[in-house]
Amino acid sequence: MPPRRHRVNKLEAIPCELSEEIRSQIQSYTDALIKAAPSIGSHGLTTEEFWRAGLFRSAIEKIRGSQAASMTDKREFVDRVLSQMKASRRIAGYAFTGSGERHDYHVKLLDGTQSVIETKGCLDGNNTTVYQRPPNADEFLIWSLCQNPGADPKHNLWSGVHTRLGGKIIAEKERVDALIVWDMLCGGLGRPCPKISEGRGAERDGVMIPPPCVYLMPRTIPDPRNNPSPAVWRITEVKLAELLLSEFGGDERDITLVHIEARMNGANVERKTKLVRNDATVAESDWTELKRATR
């Protein structure tokens, strides 16, 4: 049988995109790097020996690993955001807990609500599914901070929401209340954001920062037999997400509802994902078989 295709319009899944200029520069540099690779360094190998030895691939994987493991820039961005929200009295306080937990930040809101944040990278990797909702969380958010200037936000968003998070939520019954997509590259030259051209956002230190993209998830776990099409949270019910939008000039245009349905097809569990913004469907999948065992 031919592979199942997802009926998806990724162009609207998230408003920002990788600029064509940066995309072209990355491709040109990649081509030049591959061409020059055998002559770099003092390995003493012929061109044929160099490629056979796998040095180039090993070096690339080593660089990728060190980049993915770095939390410095991500933590600095989140700390600046939460510090500002504390200073403006939108939150009571926060603590970094990432060194010893499966989540990174505990945020206490003014009304006592405990919001827990797990920070992730670009969403298209398996690390997106490595999280555990703590039992004391009143609300649990995943915050995507993509440090790769050459990553495609539209691909990463869909991969994270449909392929990874949706699959884990159904299979392992680990609920996520909201996904925040927002980092230090948003609105920059390589990742232009239409929100800034619309005059939306907040100015900080002379730089215009776009409001975050908020994706509200199902309020209960989709189950093919008992809960096939659960309702999605409202923005007023995920309080930290609402506060982030308020602090940085966001509104309903920055909120996307993530509808996840589940059904049985014979012995197989299938899921379907639909993204809705301002009452319009902006991306939708076909029914997709769940590849992992459910609990």
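The values are calculated or read from the model by the stated rules, or taken from the named source; none is laboratory data. All values derive from a computational prediction rather than experimental measurement. So basically every Cβ, Gly included, is an ideal-geometry build from the backbone, and we count neighbours across all protein chains shown.
Observations
- Residue within the range 83-91 that is in a loop (DSSP other than H, G, I, E, B), of a type in the set (Lys, Arg) and either at pLDDT 95 or above or surrounded by 19 or more Cβ atoms within 10 Å (Cβ to Cβ) (or both) present: yes
- Selection of the range 248-261 for residues being crowded, with 18+ Cβ neighbours inside 10 Å, of a type outside the set (A, V, I, L, M, F, W, C) and not in a loop (DSSP other than H, G, I, E, B) yields Asp254, Thr256, His259, Glu261.
- Arg80 surrounded by 10 or more Cβ atoms within 10 Å (Cβ to Cβ) and modelled with pLDDT under 90: no
- Some residue of the range 211-224 being in contact with a Lys or Arg (Cβ under 9 Å, 6 or more places away or on another chain) and either at positive phi or without any contact (Cβ under 8 Å) to a residue 40 or more places away in the chain (or both): no
- Considering the range 142-239, the qualifying helices (runs of 4 or more DSSP H), each wholly inside and each with 3 or more residues that are within 28 Å of Lys291 (Cα to Cα), run over 153-158, 167-172.
- Restricting the first member to the range 50-62 and to residues that are on the phi < 0 side of the Ramachandran plot, and the second to residues that are loosely packed, with under 12 Cβ neighbours inside 10 Å and of a type in the set (A, V, I, L, M), the beta-carbon pairs closer than 9 Å and six or more apart or on different chains are Phe56/Ile34.
- Condition check for Ile180: within 18 Å of the chain's Cα centre (by Cα) and either among the polar types (S, T, N, Q) or at pLDDT 90 or above (or both): yes
- If you filter the range 242-289 down to residues that are without any contact (Cβ under 8 Å) to a residue 12 or more places away in the chain and under 21 Å from the mean Cα position of the chain (by Cα), you find that the one that is farthest from Ser115 (Cα to Cα) is Thr281.
Quick grid of which residues meet (1) of a type in the set (S, T, N, Q); (2) at pLDDT below 90:
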{"position": "His103", "(1), (2)": "no, yes"}
{"position": "His106", "(1), (2)": "no, no"}
{"position": "Leu109", "(1), (2)": "no, no"}
{"position": "Thr113", "(1), (2)": "yes, no"}
{"position": "Leu123", "(1), (2)": "no, no"}
{"position": "Thr129", "(1), (2)": "yes, no"}
{"position": "Ala137", "(1), (2)": "no, no"}
{"position": "Asn148", "(1), (2)": "yes, yes"}
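This table checks each residue for (1) polar (S, T, N, Q); (2) touching a strand residue (DSSP E or B) at 6+ places or on another chain (Cβ under 7 Å).
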residue	(1), (2)
Leu216	no, yes
Gly249	no, yes
Thr256	yes, yes
Asn265	yes, no
Lys291	no, no
